Amino acid sequence: MPTYSLPKHIAYSQSLAGYIEHNLSDSTAQALTLAQLCQLGTAGLGASSLGTDNLSIRDIETDPIGATLLSYSPVQGDLALRQEIVNFHQGLNCHRRLITPDSAVTFCGAQEALSAIYQAVLSAGDEIVVMTPSYPSLVTMAKSMGVIVREIEHCADNHWQANIDDFKQVVNDKTQLIVLNSPHNPTGSVIDSELAKQILQLAQHYQCYLLSDDVSQASNYHDLALAHGYLDYRKSIVVGVMSKSLGLAGVRIGWAVTPNKTLLQSLMAIKAVHSICCSKIDEKLALLALQNSQEILTRNNQLIADNIALFSALVARHPEKLHWHQPQAGMLALVEVKNIDSIISWSHKLAKQSGILALPSELFGLSGNYFRLGLGQKSLANTLEIFEDYLLTTSIDSA
């Protein structure tokens with residue numbers, strides 16, 4: 001009988017669950033309540049309405065979501081939702097071709113989408129290229145399938161930024177899939193439009209698949225040139241989700257978009273074997289969120305920018321203890337803790353003495369004394385006060 005283990009970052013969090021009251025490594029933007037999300041659709045109110053929470057059950061039962069028949073959703077996903085998904089991606093990117101809702105399929109979160117893509121395009125002995133450190137499953141899923149993983153290692157000395165030469169050194173005739181993630185989890189670096197164009201040309205040259213994990217692309221508070229044209233390439237796939245830039249992790253909807261009809265059919269077949277379909281209620285909520293995405297993103301991106309300023313001020317007050325490169329986009333960054341022997345020991349002590357969870361970079365495939373910082377939550381200001389008290393009352397030597 002095969003044995004299964006929790007992903008390292010989840011197992012680590014579970015091991016400290018009894019101590020944790022504050023999460024310094026949260027990977028999502030700020031969530032809305034169900035009432036706040038429904039109010040965006042029913043009242044057509046602006047961003048100021050996000051601070052209210054006064055819808056009654058009767059209100060919800062009489063709106064289009066409350067009236068939804070709780071039957072199966074289509075395997076490919078609700079048509080109106082798929083239209084909003086492609087509208088969302090086209091609004092962020094620069095494709096020459098019009099993307100239709102027939103190019104999209106919904107999943108129960110981005111992880112199910114990524115797993116289905118790996119199953120659809122990879123076999124034992126294939127080679128893939130992954131940017132590391134990374135979300136753990138991007139590497140572990142491939143290795144569990146007997147796939148050879150070629151890594152593009154991000155370096156702090158280069159502000160975690162990759163370039164086209166890094167890709168040219170590892171992409172070759174054996175490459176079956178290039179896996180991209182921008183803004184990058186966990187470093188906060190980006191693939192700008194020029195680099196995206198160069199990577200696309202490289203994938204076309206070797207005729208390999210190109211997967212872009214775009215779950216945080218809309219968290220672009222500096223208005224950087226992050227648009228890409230990947231979906232003009234037949235062997236490309238773009239993945240998105242409700243949980244990151246939009247902050248709606250409780251709405252379990254992710255998606256894949258590809259112009260490759262054969263690949264799309266494979267993804268639907270794999271989904272049908274696993275979840276069969278997504279929750280009809282979740283798809284309705286996702287549709288509502290995407291229809292009001294600009295309001296949600298404006299608020300969330302301002303919050304991230306404010307939190308970056310808060311953490312920058314904290315680092316400036318404690319340069320002997322902390323160092324970081326601010327994220328270029330997204331809501332994640334890596335923070336170096338100076339003058340300690342082990343980030344694992346330090347983070348354990350932090351959790352047990354202050355109730356703060358800080359995920360060590362080792363969980364994401366990077367050695368060194370770094371932890372992942374999440375910048376998307378309203379609660380961060382309070383968490384940083386507790387964190388600073390811990391820094392002030394704990395000597396570096398004892399850490």
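A compact table of results
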{"item": "Two-decimal Rg to Rh for segment 148-215 - Kirkwood Rh, Cα set", "result": "0.93"}
{"item": "Fully extended contour minus Cα-Cα distance, from Ala124 to Ala35, at 0.36 nm per residue", "result": "27.4 nm"}
{"item": "Additional length obtainable on full extension of the chain from Ala225 to Lys261, 0.36 nm per residue less Cα span", "result": "10.0 nm"}
{"item": "FRET efficiency for Asp165 and Asp341, using Cβ-Cβ distance with R0 set to 30 Å, rounded to 0.05", "result": "0.30"}
{"item": "Relative contact order, percent, segment 186-246 [alpha-carbon distance under 8 Å, six or more residues apart]", "result": "42 percent"}
{"item": "Mean Cβ count within 10 Å, highest first, over the residues of peptides 386-392, 346-352", "result": "346-352, 386-392"}
{"item": "Segments 314-323, 119-128 sorted - mean Cβ within 10 Å per residue, highest first", "result": "119-128, 314-323"}
{"item": "Area of Thr3 that stays accessible when all protein chains are in place (1.4 Å probe, Å², to 10)", "result": "130 Å²"}
{"item": "Size of electric dipole in the chain: Cβ of Lys, Arg +1 and of Asp, Glu -1, about Cα centre, debye, nearest 20", "result": "740 debye"}
{"item": "Residues Thr298 and Gln198, FRET efficiency given R0 of 22 Å [Cβ-Cβ distance, rounded to 0.05]", "result": "0.10"}
{"item": "Heavy-atom accessible area ranking, 1.4 Å probe, most first, across Cys94, Cys277", "result": "Cys94, Cys277"}
{"item": "Among Val105, Ser354, Leu288 the positive-end extreme of the charge dipole of the chain (Cβ point charges)", "result": "Val105"}
{"item": "q = 0.24 Å⁻¹: log10 I(q)/I(0) that the Debye formula gives for segment 303-399, counting C-alpha atoms only", "result": "-1.54"}
{"item": "Solvent-accessible ranking of Val273, Val241, largest area first, probe 1.4 Å", "result": "Val273, Val241"}
{"item": "Potential lengthening between Gln291 and Ile10 on full extension [0.36 nm per residue; Cα-Cα distance subtracted]", "result": "98.0 nm"}
{"item": "CD proxy at 222 nm, helix term only [per DSSP H run n ≥ 4: -39500 (n - 2.57); per residue of the chain; nearest 500]", "result": "-12000 deg cm²/dmol"}
{"item": "Rg to Rh, two decimals, where segment 236-291 supplies the alpha carbon set and Rh follows Kirkwood", "result": "0.99"}
{"item": "Debye, to nearest 20: dipole size of segment 153-282, +1 on Lys, Arg Cβ, -1 on Asp, Glu Cβ", "result": "720 debye"}
{"item": "Relative contact order computed over the chain (Cα-Cα under 8 Å; 6+ residues apart), in percent", "result": "25 percent"}
{"item": "Distance in nm between pseudo-label sites at Asp102 and Ser312 (7 Å out along the Cβ direction from Cα)", "result": "4.8 nm"}
{"item": "Distance between modelled label sites at Ser379 and Met145, nm, 7 Å Cα→Cβ extension", "result": "3.5 nm"}
{"item": "Neighbourhood charge, 14 Å Cβ-Cβ cut-off, centred on Glu388 and excluding it, Lys, Arg +1 and Asp, Glu -1", "result": "-1"}
{"item": "Normalised contact order of segment 273-370, rounded percent, pairs of Cα under 8 Å and 6 or more residues apart", "result": "16 percent"}
{"item": "Cα pair distances of segment 108-254 binned at 5 Å [whole percent]", "result": "2, 9, 20, 24, 23, 15, 6, 1, 0"}
{"item": "Quotient of C-alpha Rg and 2.2 N^0.38 Å, computed over segment 203-269", "result": "1.25"}
{"item": "Gln353 versus Cys94: modelled label distance in nm, points set 7 Å from Cα along the beta carbon direction", "result": "5.0 nm"}
{"item": "Using distinct alpha-carbon pairs, which all enter the 1/r mean, Kirkwood radius of segment 207-317 in Å", "result": "16.2 Å"}
{"item": "Antiparallel DSSP beta bridges within the chain, as percent of all bridges there, nearest 5", "result": "45 percent"}
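The values are calculated or read from the model by the stated rules, or taken from the named source; none is laboratory data. In this text the structure is predicted, and so the values were computed from the model without any measurement. Note that each Cβ is placed from the backbone with ideal geometry, even for glycine, and that neighbours are counted across all protein chains shown. The area values use the complete protein model at the heavy-atom level, side chains included, leaving out ligands, DNA and RNA. Shrake-Rupley method; radii C 1.70, N 1.55, O 1.52, S 1.80 Å.
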